[in-house]
Ligand SMILES: N[C@@H](CCC(=O)N[C@@H](CS)C(=O)NCC(=O)O)C(=O)O
Ligand code: FES
């Protein structure tokens, strides 16, 4: 519940609806069958738009696929700071949907980036969550919400 609250605040940032310039650049190159410079640049921009970036189907609030939903749930459970998170809805833009696969050399959605580095899809996110590797990485990158960190500290004391 706490996690959901954290993520829902970031939902105010419409998935791939903004910035308008990036969106337009995708739409104008829908015919491309390979990753054009223009698309690569737009994806570079998306990947750099926040320390934690998820390319997903649907929005964090309303995921359109179980894999995307599970990934969002994990990021919420981890306590990712909404201010350091951005989601891009590939269902809104086919160029993004296809382009991100080539960009990452990964065939499926969702795709998680942390600090501009591709981390993996849903299976990897879940397995890193279970092993503690994801918590370690998110901590190292300082992308956890202060409230979440404080809550963890409190829980440890109890
Ligand atoms: N095993 C994958 C599950 C994700 C997956 O299979 N995604 C499929 C169905 S949502 C996909 O993106 N297919 C290509 C597409 O829909 O463009 C993972 O770990 O992320
Ligand atoms: S949309 Fe069907 S499995 Fe993701």
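Computed from the coordinates by the stated procedures, all read-outs in this text should not be read as laboratory data. All of these numbers come straight from a predicted model, not from anything done at the bench. For neighbour counting, all protein chains shown are included, and Cβ atoms are generated from backbone atoms with ideal geometry for every residue, glycine included.
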*asked:* 7 Å from Cα along Cα→Cβ at both residue 36 and residue 133: what's the point-to-point distance in nm?
replied: 3.7 nm
*Say each of residue 141 and residue 157 gets a label point 7 Å from the Cα, pointing the same way as Cα to Cβ; how far apart are those two points in nm?*
3.0 nm
*asked:* Whole angstrom only: what separates the Cα centroid of the range 106-121 from the Cα centroid of the range 52-80?
replied: 12 Å
*Once you put a point 7 Å from the Cα of residue 116 and another 7 Å from the Cα of residue 44, both along the Cβ direction, what distance in nm separates them?*
0.9 nm
